[in-house]
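In what follows, a structure is listed as C-alpha coordinates, so that the remarks can point back to it.
The values are calculated or read from the model by the stated rules, or taken from the named source; none is laboratory data. Keep in mind the model is a prediction, meaning the values are calculated, not measured. Positions of Cβ are generated from backbone atoms using ideal geometry, with glycine treated the same way; all protein chains shown enter the neighbour counts. For the accessible areas, the whole protein counts, side chains as well, though only heavy atoms, and no ligand, DNA or RNA atoms are used. Shrake-Rupley method; radii C 1.70, N 1.55, O 1.52, S 1.80 Å.
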Amino acid sequence: LVTFVSADSHGTSQYLVHDPKSAEELSEAIDAAIMTVLSKPKWFSNLKNTHQYVQAHLVTTCSPSPSKWQWPDKAGATGLLKRVFDSNELKVAGVQWASQIADYTTDGLNPTGYWADYLQAIVAEFNAHYGTSVQIRRIYYPNSVEVGDRVADGTVDMSEPYYYLGGFHGGKPRIESLHFSCVTAGTAGIFIVKSDARIATLDALNSAIASGGNKKIGFIGQGNYDSVKDILDDTAVAVFETDGVVLANQVADGTLLARYVSEGAPPDPTRFMEISTGIISPRVALFKKDVDTCSCPDNTNTNTNTGAADAGGACTGTGTGGSSRVVINMFNSQSGSCN
(Lines give C-alpha, C1' and ligand atoms only; values in the text may rest on other atoms or scores of the structure.)
Protein backbone atom coordinates (compact mmCIF):
# COMPACT_ATOMS: atom_id res chain seq x y z
CA LEU A 1 0.00 0.00 0.00
CA VAL A 2 1.32 3.43 -0.93
CA THR A 3 0.02 6.24 1.27
CA PHE A 4 0.12 9.99 1.11
CA VAL A 5 -0.25 11.92 4.35
CA SER A 6 -1.63 15.45 4.10
CA ALA A 7 -0.07 18.06 6.40
CA ASP A 8 -2.86 20.61 6.13
CA SER A 9 -5.74 21.24 8.54
CA HIS A 10 -8.12 18.90 6.76
CA GLY A 11 -6.61 15.83 8.38
CA THR A 12 -4.81 12.75 7.14
CA SER A 13 -5.92 11.46 3.71
CA GLN A 14 -4.67 9.21 0.98
CA TYR A 15 -4.23 10.91 -2.38
CA LEU A 16 -2.64 8.14 -4.38
CA VAL A 17 -4.45 7.69 -7.68
CA HIS A 18 -4.07 4.12 -8.91
CA ASP A 19 -3.51 3.51 -12.59
CA PRO A 20 -6.98 3.37 -14.20
CA LYS A 21 -5.60 0.88 -16.71
CA SER A 22 -3.88 -1.26 -14.11
CA ALA A 23 -3.02 -4.73 -15.38
CA GLU A 24 -2.30 -6.14 -11.93
CA GLU A 25 -5.60 -7.96 -11.42
CA LEU A 26 -5.81 -9.16 -15.02
CA SER A 27 -2.30 -10.59 -14.89
CA GLU A 28 -3.17 -12.36 -11.62
CA ALA A 29 -6.22 -13.93 -13.25
CA ILE A 30 -4.22 -15.01 -16.32
CA ASP A 31 -1.50 -16.49 -14.10
CA ALA A 32 -4.13 -18.45 -12.19
CA ALA A 33 -5.54 -19.71 -15.49
CA ILE A 34 -2.08 -20.70 -16.79
CA MET A 35 -1.34 -22.64 -13.63
CA THR A 36 -4.72 -24.37 -13.79
CA VAL A 37 -3.95 -25.45 -17.34
CA LEU A 38 -0.42 -26.65 -16.57
CA SER A 39 -1.59 -28.61 -13.51
CA LYS A 40 -3.56 -30.97 -15.74
CA PRO A 41 -1.68 -34.26 -16.21
CA LYS A 42 0.14 -34.45 -19.56
CA TRP A 43 -1.59 -31.30 -20.89
CA PHE A 44 1.68 -29.65 -21.89
CA SER A 45 3.19 -32.76 -23.46
CA ASN A 46 -0.05 -33.53 -25.31
CA LEU A 47 -0.16 -30.00 -26.78
CA LYS A 48 3.50 -30.23 -27.73
CA ASN A 49 3.05 -33.62 -29.41
CA THR A 50 -0.14 -32.59 -31.20
CA HIS A 51 1.68 -29.79 -32.97
CA GLN A 52 5.06 -31.58 -33.13
CA TYR A 53 6.67 -28.64 -31.38
CA VAL A 54 9.85 -30.52 -30.51
CA GLN A 55 11.61 -27.41 -29.24
CA ALA A 56 9.03 -26.55 -26.57
CA HIS A 57 9.98 -27.35 -23.00
CA LEU A 58 8.08 -27.03 -19.73
CA VAL A 59 10.05 -24.26 -18.04
CA THR A 60 8.26 -22.87 -15.02
CA THR A 61 8.71 -19.78 -12.91
CA CYS A 62 5.45 -20.56 -11.10
CA SER A 63 4.38 -23.77 -9.37
CA PRO A 64 1.37 -25.35 -11.11
CA SER A 65 -0.72 -25.75 -7.96
CA PRO A 66 -4.13 -24.14 -8.62
CA SER A 67 -5.09 -23.93 -4.95
CA LYS A 68 -2.24 -21.50 -4.30
CA TRP A 69 -3.11 -19.05 -7.05
CA GLN A 70 -5.68 -16.38 -6.21
CA TRP A 71 -8.34 -15.29 -8.66
CA PRO A 72 -9.23 -11.59 -8.21
CA ASP A 73 -12.83 -10.93 -7.21
CA LYS A 74 -15.05 -10.26 -10.21
CA ALA A 75 -17.45 -7.92 -8.40
CA GLY A 76 -14.65 -5.64 -7.24
CA ALA A 77 -12.54 -5.84 -10.39
CA THR A 78 -10.61 -2.74 -11.44
CA GLY A 79 -8.37 -1.66 -14.29
CA LEU A 80 -8.00 -3.88 -17.32
CA LEU A 81 -9.70 -6.84 -15.66
CA LYS A 82 -12.85 -4.74 -15.22
CA ARG A 83 -12.58 -3.65 -18.85
CA VAL A 84 -12.43 -7.29 -19.93
CA PHE A 85 -15.57 -8.12 -17.94
CA ASP A 86 -17.43 -5.01 -19.15
CA SER A 87 -16.57 -5.57 -22.83
CA ASN A 88 -16.74 -9.38 -22.71
CA GLU A 89 -13.54 -9.49 -24.75
CA LEU A 90 -9.85 -9.90 -24.14
CA LYS A 91 -7.84 -7.68 -26.47
CA VAL A 92 -4.62 -9.52 -27.36
CA ALA A 93 -1.77 -7.97 -29.33
CA GLY A 94 0.48 -9.89 -31.67
CA VAL A 95 2.11 -10.04 -35.08
CA GLN A 96 0.89 -12.13 -37.99
CA TRP A 97 3.41 -14.87 -38.74
CA ALA A 98 3.42 -18.50 -39.77
CA SER A 99 5.57 -21.59 -39.26
CA GLN A 100 5.11 -25.34 -38.97
CA ILE A 101 3.61 -25.04 -35.49
CA ALA A 102 1.55 -21.84 -35.73
CA ASP A 103 -0.33 -19.93 -38.42
CA TYR A 104 -1.56 -16.39 -37.76
CA THR A 105 -1.64 -15.36 -41.42
CA THR A 106 -4.09 -17.63 -43.23
CA ASP A 107 -7.00 -16.58 -41.01
CA GLY A 108 -5.90 -13.97 -38.49
CA LEU A 109 -9.22 -14.04 -36.65
CA ASN A 110 -8.98 -17.78 -36.18
CA PRO A 111 -5.29 -18.69 -36.01
CA THR A 112 -4.21 -22.28 -35.63
CA GLY A 113 -1.36 -24.14 -33.98
CA TYR A 114 0.42 -24.50 -30.68
CA TRP A 115 0.22 -20.94 -29.38
CA ALA A 116 -3.35 -20.34 -30.54
CA ASP A 117 -4.48 -23.49 -28.71
CA TYR A 118 -2.48 -22.48 -25.65
CA LEU A 119 -4.20 -19.09 -25.36
CA GLN A 120 -7.60 -20.66 -26.02
CA ALA A 121 -7.02 -23.04 -23.10
CA ILE A 122 -6.05 -20.13 -20.83
CA VAL A 123 -9.19 -18.18 -21.68
CA ALA A 124 -11.34 -21.31 -21.28
CA GLU A 125 -10.10 -21.66 -17.69
CA PHE A 126 -10.70 -17.95 -17.13
CA ASN A 127 -14.30 -18.30 -18.31
CA ALA A 128 -14.86 -21.50 -16.35
CA HIS A 129 -13.77 -19.81 -13.11
CA TYR A 130 -15.72 -16.59 -13.56
CA GLY A 131 -18.76 -18.03 -15.33
CA THR A 132 -18.21 -15.67 -18.25
CA SER A 133 -18.03 -15.97 -22.02
CA VAL A 134 -15.12 -13.63 -22.70
CA GLN A 135 -13.91 -13.86 -26.29
CA ILE A 136 -10.39 -13.35 -27.60
CA ARG A 137 -10.10 -10.28 -29.82
CA ARG A 138 -6.78 -10.38 -31.61
CA ILE A 139 -5.24 -7.10 -32.74
CA TYR A 140 -2.25 -7.36 -35.06
CA TYR A 141 0.58 -4.87 -35.40
CA PRO A 142 3.41 -4.63 -37.96
CA ASN A 143 6.13 -5.64 -35.51
CA SER A 144 6.85 -6.61 -31.92
CA VAL A 145 8.04 -3.10 -31.07
CA GLU A 146 4.55 -1.71 -31.66
CA VAL A 147 3.04 -4.66 -29.81
CA GLY A 148 5.08 -3.63 -26.78
CA ASP A 149 4.00 -0.01 -27.16
CA ARG A 150 0.31 -0.86 -27.29
CA VAL A 151 0.64 -3.21 -24.32
CA ALA A 152 2.48 -0.51 -22.37
CA ASP A 153 -0.12 2.21 -22.97
CA GLY A 154 -3.10 -0.03 -22.23
CA THR A 155 -4.57 0.01 -25.74
CA VAL A 156 -4.70 -3.78 -25.51
CA ASP A 157 -5.11 -6.00 -22.46
CA MET A 158 -2.09 -8.25 -23.03
CA SER A 159 0.12 -9.78 -25.68
CA GLU A 160 0.03 -13.26 -27.12
CA PRO A 161 1.67 -15.79 -24.76
CA TYR A 162 4.67 -16.47 -27.01
CA TYR A 163 6.79 -13.38 -26.40
CA TYR A 164 10.42 -13.65 -25.37
CA LEU A 165 10.99 -12.50 -21.82
CA GLY A 166 14.53 -11.62 -22.87
CA GLY A 167 13.48 -8.97 -25.39
CA PHE A 168 13.46 -5.20 -25.06
CA HIS A 169 10.90 -2.42 -24.86
CA GLY A 170 11.63 1.27 -25.19
CA GLY A 171 15.36 0.62 -25.05
CA LYS A 172 15.05 -1.24 -21.73
CA PRO A 173 14.81 -4.95 -20.93
CA ARG A 174 11.24 -6.25 -21.06
CA ILE A 175 11.74 -7.83 -17.66
CA GLU A 176 12.03 -4.31 -16.22
CA SER A 177 9.89 -2.16 -18.51
CA LEU A 178 6.78 -4.37 -18.76
CA HIS A 179 4.87 -6.71 -16.51
CA PHE A 180 4.65 -10.33 -17.60
CA SER A 181 2.90 -13.61 -16.91
CA CYS A 182 4.22 -16.86 -15.54
CA VAL A 183 6.42 -18.52 -18.15
CA THR A 184 4.23 -20.40 -20.63
CA ALA A 185 7.06 -22.45 -22.16
CA GLY A 186 10.76 -22.44 -22.83
CA THR A 187 11.90 -22.89 -26.42
CA ALA A 188 15.24 -24.25 -27.61
CA GLY A 189 16.27 -22.29 -30.66
CA ILE A 190 18.44 -23.53 -33.53
CA PHE A 191 20.01 -22.09 -36.66
CA ILE A 192 19.54 -23.83 -39.98
CA VAL A 193 21.93 -23.71 -42.93
CA LYS A 194 21.97 -25.49 -46.28
CA SER A 195 22.74 -29.16 -45.87
CA ASP A 196 25.83 -28.84 -48.07
CA ALA A 197 27.15 -25.71 -46.33
CA ARG A 198 29.65 -27.67 -44.20
CA ILE A 199 28.70 -25.58 -41.19
CA ALA A 200 27.86 -27.92 -38.31
CA THR A 201 28.58 -25.90 -35.18
CA LEU A 202 27.96 -22.42 -33.80
CA ASP A 203 31.68 -21.69 -33.95
CA ALA A 204 31.72 -22.68 -37.61
CA LEU A 205 28.70 -20.45 -38.30
CA ASN A 206 30.41 -17.48 -36.67
CA SER A 207 33.58 -18.14 -38.64
CA ALA A 208 31.53 -18.19 -41.85
CA ILE A 209 29.87 -14.90 -40.88
CA ALA A 210 33.19 -13.25 -40.05
CA SER A 211 35.11 -14.40 -43.13
CA GLY A 212 32.42 -14.82 -45.80
CA GLY A 213 30.62 -12.46 -48.13
CA ASN A 214 27.16 -13.44 -46.94
CA LYS A 215 26.53 -12.30 -43.37
CA LYS A 216 22.73 -12.33 -43.48
CA ILE A 217 20.84 -14.29 -40.81
CA GLY A 218 17.04 -14.51 -40.98
CA PHE A 219 14.63 -13.96 -38.07
CA ILE A 220 10.84 -13.78 -37.83
CA GLY A 221 10.97 -10.96 -35.30
CA GLN A 222 13.09 -8.61 -33.21
CA GLY A 223 12.57 -10.66 -30.05
CA ASN A 224 14.06 -13.73 -31.72
CA TYR A 225 17.10 -11.74 -32.75
CA ASP A 226 17.54 -10.16 -29.31
CA SER A 227 17.52 -13.61 -27.69
CA VAL A 228 20.58 -14.83 -29.62
CA LYS A 229 22.42 -11.79 -30.96
CA ASP A 230 25.06 -12.01 -28.24
CA ILE A 231 26.21 -15.43 -29.44
CA LEU A 232 26.60 -14.32 -33.06
CA ASP A 233 29.62 -12.68 -34.64
CA ASP A 234 29.19 -8.92 -34.39
CA THR A 235 29.31 -8.52 -38.17
CA ALA A 236 26.15 -10.59 -38.65
CA VAL A 237 23.33 -8.78 -40.45
CA ALA A 238 19.80 -9.52 -39.20
CA VAL A 239 17.07 -9.84 -41.83
CA PHE A 240 13.44 -9.86 -40.65
CA GLU A 241 10.58 -11.73 -42.32
CA THR A 242 7.42 -12.99 -40.56
CA ASP A 243 6.90 -15.94 -42.94
CA GLY A 244 9.07 -18.87 -41.91
CA VAL A 245 8.69 -20.59 -45.28
CA VAL A 246 10.06 -17.53 -47.07
CA LEU A 247 13.07 -17.49 -44.74
CA ALA A 248 13.71 -21.20 -45.31
CA ASN A 249 13.61 -20.71 -49.07
CA GLN A 250 16.06 -17.81 -48.78
CA VAL A 251 18.47 -20.06 -46.92
CA ALA A 252 18.06 -22.71 -49.60
CA ASP A 253 18.74 -20.29 -52.48
CA GLY A 254 21.70 -18.65 -50.74
CA THR A 255 20.10 -15.28 -50.04
CA LEU A 256 20.61 -15.96 -46.34
CA LEU A 257 23.55 -17.74 -44.78
CA ALA A 258 21.34 -19.09 -42.00
CA ARG A 259 18.00 -18.73 -40.35
CA TYR A 260 17.09 -18.79 -36.66
CA VAL A 261 14.28 -21.24 -35.86
CA SER A 262 12.40 -21.13 -32.57
CA GLU A 263 9.03 -22.37 -33.78
CA GLY A 264 9.29 -26.01 -34.80
CA ALA A 265 11.64 -28.14 -36.85
CA PRO A 266 13.24 -27.00 -40.13
CA PRO A 267 10.79 -27.05 -43.08
CA ASP A 268 12.62 -29.92 -44.77
CA PRO A 269 15.34 -31.76 -42.80
CA THR A 270 16.78 -33.19 -46.01
CA ARG A 271 17.60 -29.68 -47.24
CA PHE A 272 18.95 -28.17 -44.04
CA MET A 273 21.43 -28.82 -41.27
CA GLU A 274 20.62 -27.86 -37.68
CA ILE A 275 22.99 -25.93 -35.40
CA SER A 276 22.16 -25.85 -31.71
CA THR A 277 22.30 -22.50 -29.91
CA GLY A 278 22.43 -24.06 -26.44
CA ILE A 279 19.82 -21.51 -25.33
CA ILE A 280 16.35 -22.12 -23.93
CA SER A 281 14.32 -18.91 -24.00
CA PRO A 282 11.37 -18.34 -21.63
CA ARG A 283 8.13 -17.25 -23.30
CA VAL A 284 5.45 -15.14 -21.60
CA ALA A 285 2.42 -12.95 -22.12
CA LEU A 286 3.27 -9.26 -21.71
CA PHE A 287 1.20 -6.83 -19.64
CA LYS A 288 1.20 -3.13 -18.95
CA LYS A 289 3.36 -2.02 -16.05
CA ASP A 290 1.22 0.07 -13.72
CA VAL A 291 1.99 3.76 -13.25
CA ASP A 292 0.33 5.34 -10.22
CA THR A 293 0.03 9.11 -9.82
CA CYS A 294 -0.35 11.56 -6.96
CA SER A 295 -3.14 14.05 -6.46
CA CYS A 296 -2.36 16.59 -3.74
CA PRO A 297 -5.04 19.11 -2.69
CA ASP A 298 -3.56 22.42 -1.56
CA ASN A 299 -4.05 23.85 1.91
CA THR A 300 -7.37 25.50 1.06
CA ASN A 301 -8.70 22.57 -0.97
CA THR A 302 -9.43 24.94 -3.85
CA ASN A 303 -6.87 23.49 -6.21
CA THR A 304 -5.37 20.10 -7.03
CA ASN A 305 -1.75 19.38 -7.67
CA THR A 306 -0.98 16.35 -9.81
CA GLY A 307 2.14 14.63 -10.97
CA ALA A 308 3.35 11.25 -12.19
CA ALA A 309 5.82 8.96 -10.54
CA ASP A 310 9.17 9.37 -12.21
CA ALA A 311 12.05 6.95 -12.41
CA GLY A 312 13.26 8.06 -9.00
CA GLY A 313 9.88 7.55 -7.34
CA ALA A 314 9.09 11.25 -6.75
CA CYS A 315 5.75 12.86 -7.48
CA THR A 316 5.66 16.66 -7.50
CA GLY A 317 3.23 19.43 -8.33
CA THR A 318 2.37 23.04 -7.47
CA GLY A 319 -0.86 24.87 -6.69
CA THR A 320 -2.26 27.97 -4.98
CA GLY A 321 -1.53 26.52 -1.58
CA GLY A 322 2.16 25.91 -2.30
CA SER A 323 4.14 22.93 -3.50
CA SER A 324 3.67 19.27 -2.81
CA ARG A 325 5.90 16.27 -2.88
CA VAL A 326 5.36 12.60 -2.14
CA VAL A 327 7.80 9.75 -2.37
CA ILE A 328 6.25 6.76 -4.08
CA ASN A 329 7.74 3.34 -3.64
CA MET A 330 5.61 0.58 -5.08
CA PHE A 331 7.17 -2.06 -2.84
CA ASN A 332 7.27 -0.30 0.53
CA SER A 333 4.91 1.90 2.47
CA GLN A 334 6.01 5.53 2.19
CA SER A 335 4.52 8.84 3.25
CA GLY A 336 4.96 12.49 2.36
CA SER A 337 3.40 15.85 3.07
CA CYS A 338 1.32 18.29 1.03
CA ASN A 339 2.00 21.89 2.08
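Okay, here's what the table says:
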| item | result |
| --- | --- |
| Shape category assigned to the stretch 180-245 from the gyration tensor of Cα positions, a/c cut at 1.5 | prolate |
| His51 - accessible surface, heavy atoms, 1.4 Å probe, Å² rounded to 10 | 40 |
| Surrounding net charge for Trp69, when Lys and Arg each add one and Asp and Glu each subtract one, Cβ distance under 9 Å | -1 |
| The stretch 17-75 - percent of accessible surface contributed by carbon and sulfur, probe 1.4 Å | 53 |
| Reachable lysines from Lys194, criterion Cα separation under 23 angstrom, eight or more residues apart if same chain | Lys215, Lys216, Lys229 |
| Solvent-accessible heavy-atom area per residue, rounded to whole Å², over the stretch 21-178 at 1.4 Å | 45 |
| Around Ile190: net Lys/Arg minus Asp/Glu count, Cβ-Cβ under 11 Å | -1 |
| Ellipsoid semi-axes in whole angstrom, largest first, where each is sqrt(5λ) of the Cα gyration tensor of the stretch 105-254 | 34, 18, 14 |
| Number of Lys pairs (Cα under 23 Å; 8 or more positions apart or on different chains) in the stretch 41-121 | 5 |
| Percent of beta bridges antiparallel (DSSP, the stretch 15-167, rounded to nearest 5) | 25 |
| Sequence ranges 37-48, 145-156, ranked by mean other-Cβ count within 10 angstrom, highest first | 145-156, 37-48 |
| For Glu89, distant residues with modelled amide H under 5 Å away | Gln135 |
